[in-house]
Amino acid sequence: MKKIIIAIDGFSSCGKSTMAKALARNIGYLYFDSGAMYRAVALYCMQNGLINDTKIDIETLRGKMQDIQITFEADPDTKNSLTFLNGVNVEHEIRSLEVSRLVSQVAALDFVREEMVDRQREMGKAKGIVMDGRDIGTTVFPNAEMKIFVTASAEVRAQRRYDELTARGDNANFQEILDNVLQRDHIDQTREVSPLKQAEDALLLDNSNMTREEQMNWLIEKFNSLTE
Ligand code: CDP
């Protein structure tokens, strides 16, 4: 069976990562979370005092890009992908609301995007991957054989993020999360470099009222029709 690249883009918190991970597992592909890379860069900025709510030390960050190593490893127990920043497991930290608040500013910087896109293309060289993000089907892999653009209402998305944070024992406030979802939507859609938009050849998936199983069946059907 021929190996393809599957690009999954869409709005924040619409379940892209869960869906992309499950799809990869189902079809025996590797999964890459491009958002985790931007989150790791944002965390690096926080750890090194390069960012606060209003300002990023752009010139210092530019000079440090080659010092930011981001790698993925499978969790030995769950097999889920874990994100490492310079050799340290940061999977939990990068999902915090504080990183969520700062990440879109970092992801809007042209030199950050260029560097991450280069690294992402490298990961896709051998094909057989599912990658999710905001610009995977438009910029990173414009020739991806299968492109999905996922969306759901902002309230549904905020509720999912709320459930995810509370399930892992974090404090969460629904209104704060909804505000964050709307704010990131705005920054992601209006930034100059690779704004979030549906690729012309992407299939639209609105999963507001879909179960995970319905969604998976839909994806597998598309995948089979492209690889048979
Ligand atoms: O948590 P959620 O799934 O909403 O987002 P994520 O995939 O973890 O990505 C976090 C942030 O990184 C997004 O809000 C975008 O600002 C940025 N991002 C991006 O600009 N391009 C990508 N390919 C992936 C993420």
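The values are calculated or read from the model by the stated rules, or taken from the named source; none is laboratory data. Treat the numbers as computed from the prediction; the structure is a model and nothing was measured. Positions of Cβ are generated from backbone atoms using ideal geometry, with glycine treated the same way; all protein chains shown enter the neighbour counts. For the accessible areas, the whole protein counts, side chains as well, though only heavy atoms, and no ligand, DNA or RNA atoms are used. Shrake-Rupley method; radii C 1.70, N 1.55, O 1.52, S 1.80 Å.
Cβ-Cβ contacts under 8 Å between residues 6 or more apart (or on different chains), taken from a first residue in the range 12-30 that is within 24 Å of Tyr162 (Cβ to Cβ) to a second residue that is part of a loop (DSSP other than H, G, I, E, B) and within 16 Å of the ligand (Cβ to nearest atom), are listed as Cys14/Ala152; Cys14/Asn207; Gly15/Ala152; Gly15/Asn207; Met19/Asn207; Lys21/Asn80.
Of the residues making up the range 134-141, none is among the charged types (D, E, K, R), within 11 Å of the ligand (Cβ to nearest atom), at pLDDT below 95 and within 20 Å of Met210 (Cβ to Cβ). Among the residues of the range 39-51, not a single one is in contact with a Lys or Arg (Cβ under 9 Å, 6 or more places away or on another chain), part of a strand (DSSP E or B) and either polar (S, T, N, Q) or at pLDDT 95 or above (or both). For Ile51, the conditions (1) more than 16 Å from the ligand (Cβ to nearest atom); (2) farther than 28 Å from Ser153 by Cα all hold with the exception of (1). For the range 18-34, a residue qualifies if it is touching an Asp or Glu at 6+ places or on another chain (Cβ under 9 Å) and buried (at least 20 other Cβ atoms within 10 Å of the Cβ), and the qualifying residues are Met19, Ala20, Tyr31, Phe32, Asp33, Ser34.
Here Val181 does not qualify as within 14 Å of the ligand (Cβ to nearest atom), surrounded by fewer than 17 Cβ atoms within 10 Å (Cβ to Cβ) and at pLDDT below 95. Tell me, yes or no, whether the range 197-212 has at least one residue that is part of a helix (DSSP H, G or I) and either away from the ligand (no atom under 13 Å from the Cβ) or under 19 Å from Asp9 (Cβ atoms) (or both). Yes, the conditions are met somewhere in the range 197-212.
Selection of the range 121-145 for residues being assigned to a helix (DSSP H, G or I) and in contact (Cβ under 8 Å) with a residue 40 or more places away in the chain yields Met123, Ile136, Gly137, Thr138, Thr139, Val140.
For (1) open to solvent by 80 Å² or more (accessible area, probe 1.4 Å); (2) more than 20 Å from Gly133 (Cβ to Cβ); (3) not basic (Lys, Arg), each residue gets a yes or a no:
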| residue | (1), (2), (3) |
| --- | --- |
| Thr190 | yes, no, yes |
| Lys197 | yes, no, no |
| Asp201 | yes, no, yes |
| Ser208 | no, yes, yes |
| Glu213 | yes, yes, yes |
| Asn217 | yes, yes, yes |
| Ile220 | no, yes, yes |
| Ser225 | yes, yes, yes |
| Glu228 | yes, yes, yes |
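Within the range 35-55, work out how many residues are hydroxyl-bearing (Ser, Thr, Tyr) and surrounded by 17 or more Cβ atoms within 10 Å (Cβ to Cβ). Number satisfying all stated conditions: 2.
Residues in the range 1-36 that are more than 11 Å from the ligand (Cβ to nearest atom), closer than 20 Å to Arg212 by Cβ and assigned to a strand (DSSP E or B): how many?
2
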